[in-house]
Each structure stands twice: as structure tokens, then as C-alpha cells.
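One structure below.
The values are calculated or read from the model by the stated rules, or taken from the named source; none is laboratory data. It should be emphasised that the depicted structure is a prediction, and the values quoted were computed from it without experimental measurement. FYI the Cβ positions are ideal-geometry reconstructions off the backbone, even for glycines, and counts take in every protein chain you see.
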Amino acid sequence: MRIGIVSRPSSRRLGRKGGVVTIPPGDFQFGDGPPISLPSRTTVLAHGARFLFPETLGDQARVVLFAGTDLKDFAWHGGEFHGHVFDPDRRKNSWEPNVSARAIEVLTTEPGGTRDLLFRDLRAEGVGGAVVGVHGLARRGSESEVEAYAERISLEGCVFLRCGKFMWDSPCTSAMAATARSWCATTSSSSATRPRTRR
């Protein structure tokens, strides 16, 4: 299946009923439109594909390229994501410091909603936020209590350079964070799995 990724394509869903989706090698330029939806029970093969964030993003801009909700039995193999994270050492920057850019973002809305996800051999450079963000569900009205975890999430063989949210005291933050509410990765990792939590 070939997907044409432009500023506002006619279809914003990657596949319809699961299965294997192949994104061919080549450059895919994104605009500031809504993210492309990811379905459950899908394997994405993106070796040789380069996903390009917009060249310019203004104050407080937020861009997500691919997104899923309550994703299950999903795998993404290969592909490169290229952005323009703010760098105070550069004289000119096309992204503002508070730009929030995400390559892949997964949200959870119910217990057992997000589980069994694999991200393998992804590459990224200059993404101003989480390259892969997988979030559990926080209990309403609380920032520390968990309503539902995202379970069994793995990153293998991924390399993320100069990625992360810009902070004034740390120009380019690249770290892997694991919290009770969310699990996200913005750094290279050989393997990372969120184990099942019994309540």
C-alpha cells in the first residue's frame, strides 16, 4: 500500500482493518494537519522511508505525525523522522523553542486499551519532543494516580539523535521516562518493555 503524505491528504488513516502496511522508500513531507491514524493489529514496514516535519514551526506549535488510541498488537519497523529542534548554538532556527513535535503518539482511554506494541529500527534526528510516546490513562483529577497502564511496550534497535523537548536549562533533552501515568522514549534503546502491573 503506497501512502502519499502531503500537507492535508484525503485519507488520514494508515490502513483500515489491520494487516501489513508497507510505506515505500522515499521522502514524505508533512504539513501542520492532523496526525495520520494508526489502527490496531497492524504491522508497518517503513524501511527507507523518511518522514519530514514542517520546515518552519511558530510559537507554541504542536505537531504529531502518527497517532493511535487504545492500540493493540501493533508493530512499526524502520523509517526515519527528521525535524528542526531549536538549538541555541545556532544563529538561525526555523523552529521556536517551545515547539512540541511528536513522531508517533499513542493514548489510552480504558483499562487494557493499549498493549503489545513493538517499535524496531526507527531513526530520528532533531525531533522537538518524544519520537515515540505511549501514554497510560491518569485517574481524573490526579496527576499521580493511574487508571490504566499501557502494557508490554518494546523499543529495539532505535537511534534518536538531538531529540527531545527543548528546556532553557538543558538545550536538547534526550531521555527515556517511565512514570506511572505514561511511558515514552526519546533516546536510543536496545530494548524497553513496560511490564504488566497487577492492581
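Values as computed for the structure displayed
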| item | result |
| --- | --- |
| Residues satisfying the stated conditions in the stretch 121-142, i.e. buried (at least 17 other Cβ atoms within 10 Å of the Cβ) and of a type outside the set (A, V, I, L, M, F, W, C) | ARG123, GLY126, GLY128, GLY129, GLY133, HIS135, GLY136 |
| Qualifying residues in the stretch 149-173 (those that are modelled with pLDDT under 90 and surrounded by fewer than 20 Cβ atoms within 10 Å (Cβ to Cβ)) - the one farthest from PRO35 (Cα to Cα) | ASP169 |
| Count of residues meeting criterion [surrounded by 16 or more Cβ atoms within 10 Å (Cβ to Cβ) and over 15 Å from ALA130 (Cα atoms)] in the stretch 53-68 | 2 |
| Residue in the stretch 6-14 that is among the charged types (D, E, K, R), at pLDDT below 90, touching a Ser or Thr at 6+ places or on another chain (Cβ under 6 Å) and not in a loop (DSSP other than H, G, I, E, B) present | yes |
| Elements of type strands (runs of 3 or more DSSP E) contained in the stretch 36-125, each with 2 or more residues being free of Cβ contacts under 8 Å to residues at least 24 places away in the same chain | none |
| Any hit, the stretch 83-106, residues being surrounded by 16 or more Cβ atoms within 10 Å (Cβ to Cβ), over 22 Å from ILE153 (Cα atoms) and within 14 Å of the chain's Cα centre (by Cα) | yes |
| Some residue of the stretch 51-59 being of a type in the set (S, T, N, Q), closer than 30 Å to LEU137 by Cβ and in contact with a strand residue (DSSP E or B) (Cβ under 9 Å, 6 or more places away or on another chain) | no |
| Enumeration of residues in the stretch 28-50 that are in contact with a Phe, Trp or Tyr (Cβ under 8 Å, 6 or more places away or on another chain) and more than 25 Å from ARG152 (Cβ to Cβ) | PHE28, PHE30, ALA49, ARG50 |
| Members of the stretch 126-166 found to be closer than 18 Å to VAL64 by Cβ and part of a loop (DSSP other than H, G, I, E, B), listed by number | GLY126, VAL127, GLY128, GLY129, ALA130, VAL131, GLY136, ALA150, CYS163, GLY164, LYS165, PHE166 |
| Search result, residues across the stretch 19-73 that are on the phi > 0 side of the Ramachandran plot and under 16 Å from the mean Cα position of the chain (by Cα) | ASP70 |
